[in-house]
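Worksheet: the structure to be examined is printed underneath.
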Amino acid sequence: MSLLLRRLSRLRLGKPLLVRSSVLLSNGFSSSSLQTPPCSIVCGFPCEADLGKLVIMNANERCCTYLEKRVPLELVDSDPMVTIGASHGWVATLKDDGIVRLQDDLNPVASDTDPKRISLPPLVTLPRCQTQIVTNVAMSSSSPDDEDCVVAVKFLGPQLSFCRPAQSNSQWINFRIANPCFYSSHVIFSKKHDMFRIPGSGGHLIGSWDPLTHKHKPKFQRLRFKNLPELTKTKRELLHSCCTTEYLVESESTGETFLVKLYRKATPSGTLRMQTKAVMVFKLDEDGNAVYTQDIGDLRIFLSKSEPFCVPASSFPGMGSNRIEILDIEESISVFLCDSFIIARHCTRGAPYHIPPQNIE
């Protein structure tokens with residue numbers, strides 16, 4: 001409890017800060033809605049049996065916000081973790097019964113007196129695949145209640161599975177990925193391409209899957225890296241010694257697509273954990289060019305165990321631009337792209353999720 005109290009020592013009490021955010025639509029007009037800023041899940045402060053008050057950190061503030069919203073403690077402090085990912089503010093859980101459940105408990109603006117819990121059909125494991133270890137979860141729309149919403153679950157290994165929760169006869173559509181470079185990769189839903197996309201290991205290949213029309217015929221795009229920075233011998237040796245993780249991120253406001261490469265290395269001594277040593281960002285175009293950049297403009301990218309996303313920083317007063325925020329189980333990172341400066345904070349998060357802006361009705 002003492003650790004929890006120290007983490008809560010700088011809390012700010014109250015409701016999520018709301019801002020008026022405008023989104024440019026395809027017809028040239030803008031739609032304005034009341035939104036919460038992006039936030040990260042900090043913890044749950046125990047208040048009664050198996051429940052805790054949700055603690056979040058808004059991306060445009062320097063201290064935590066202690067909400068009155070009560071959430072199941074197993075979602076924020078579980079060991080081993082029962083959550084397997086999040087998308088659009090919905091957290092996915094997977095227990096021993098093999099059922100993926102979508103819950104809105106960790107959405108700061110969702111009701112805690114009437115939380116939504118959606119159970120998906122029992123998982124079907126393809127031959128020579130596994131469905132116990134999940135890489136991440138992605139959704140094609142903001143709510144699984146939407147009739148056309150497709151949920152994608154990327155498992156460690158060859159299996160990629162899709163489901164439409166709102167259909168009365170919902171079943172899993174399962175793909176077996178032939179190329180091993182996608183086995184440990186993360187899936188996102190691309191509104192730009194209207195498909196689910198996965199970057200291959202190393203970032204040289206992107207696979208796209210459409211569970212509704214293309215069946216078992218994914219599309220592939222090869223990338224050509226350009227404008228690579230000149231590195232010192234020491235920096236090259238460091239990067240070559242690191243494990244890399246690739247993320248695709250789309251900007252809905254600008255229509256841009258970015259490939260982010262994280263370079264991580266195990267700590268040299270003490271408790272064994274992975275530390276981020278470098279981050280590189282590449283802007284992608286339709287011709288397959290991946291151009292290295294240190295300038296993503298007004299955008300801010302959020303990477304965590306949630307589906308990656310980015311938002312215009314100017315939409316939320318106090319939130320810096322041209323930055324990347326990275327949240328993992330044992331690490332919280334801020335990357336200032338203009339000079340590749342990294343601020344790393346060691347932390348322990350039972351729910352390492354960034355939650356994108358949520359509309360207030």
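Values for this structure:
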item	result
Subset of the stretch 124-153 (residues that are open to solvent by less than 30 Å² (accessible area, probe 1.4 Å), β-branched (V, I, T), in a loop (DSSP other than H, G, I, E, B) and touching a residue at least 40 places away in the same chain (Cβ under 8 Å))	V150
One residue from R273, R197, R264, R236 being among the charged types (D, E, K, R), over 18 Å from E307 (Cα atoms) and under 19 Å from the mean Cα position of the chain (by Cα)	R264
Filtered residue count, the stretch 112-123, keeping only those that are part of a loop (DSSP other than H, G, I, E, B) and open to solvent by less than 50 Å² (accessible area, probe 1.4 Å)	4
Residue in the stretch 167-186 that is within 15 Å of A278 (Cβ to Cβ), surrounded by 15 or more Cβ atoms within 10 Å (Cβ to Cβ), among the aromatic types (F, W, Y) and in contact (Cβ under 8 Å) with a residue 12 or more places away in the chain present	no
Hits in the stretch 43-64 (condition: open to solvent by 50 Å² or more (accessible area, probe 1.4 Å), in a loop (DSSP other than H, G, I, E, B) and of a type in the set (D, E))	D50
Selection count, the stretch 37-60, where residues are under 19 Å from G320 (Cα atoms) and out of contact with any strand residue (DSSP E or B) (no Cβ under 7 Å at 6 or more places or on another chain)	1
Residues within the stretch 65-99 that are assigned to a loop (DSSP other than H, G, I, E, B) and closer than 25 Å to S314 by Cα, tallied	2
Number of the condition not met by F220 [criteria: (1) open to solvent by 80 Å² or more (accessible area, probe 1.4 Å); (2) out of contact with any Gly (no Cβ under 8 Å at 6 or more places or on another chain)]	(2)
Among the candidates P199, P158, P211, residue that is touching a Lys or Arg at 6+ places or on another chain (Cβ under 6 Å) and open to solvent by less than 20 Å² (accessible area, probe 1.4 Å)	P158
Residue check for V109: open to solvent by 20 Å² or more (accessible area, probe 1.4 Å), hydrophobic (A, V, I, L, M, F, W, C), touching a residue at least 60 places away in the same chain (Cβ under 8 Å) and assigned to a loop (DSSP other than H, G, I, E, B)	yes
Those residues of the stretch 245-297 which are within 24 Å of I329 (Cβ to Cβ), out of contact with any Cys (no Cβ under 8 Å at 6 or more places or on another chain) and modelled with pLDDT of 95 or more, in sequence order	T245, E246, Y247, L248, L259, V260, K261, L262, V279, M280, V281
Condition broken by K261, with the remaining ones in (1) in contact with a Ser or Thr (Cβ under 6 Å, 6 or more places away or on another chain); (2) buried (at least 16 other Cβ atoms within 10 Å of the Cβ); (3) over 28 Å from N322 (Cβ atoms) satisfied	(3)
Residues satisfying the stated conditions in the stretch 278-295, i.e. among the β-branched types (V, I, T) and open to solvent by less than 10 Å² (accessible area, probe 1.4 Å)	V281
Candidates P317, P229 - the one that is over 24 Å from Y353 (Cα atoms), surrounded by fewer than 21 Cβ atoms within 10 Å (Cβ to Cβ), touching a strand residue (DSSP E or B) at 6+ places or on another chain (Cβ under 9 Å) and not aromatic (F, W, Y)	P229
Spans of strands (runs of 3 or more DSSP E) in the stretch 229-345 with at least 2 residues free of Cβ contacts under 8 Å to residues at least 24 places away in the same chain	257-266, 331-336
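The values are calculated or read from the model by the stated rules, or taken from the named source; none is laboratory data. Remember, it's a predicted structure, so these values are computed and weren't measured experimentally. Positions of Cβ are generated from backbone atoms using ideal geometry, with glycine treated the same way; all protein chains shown enter the neighbour counts. Heads up: the accessible areas ignore ligands, DNA and RNA and are worked out on the full protein's heavy atoms, side chains in. Shrake-Rupley method; radii C 1.70, N 1.55, O 1.52, S 1.80 Å.
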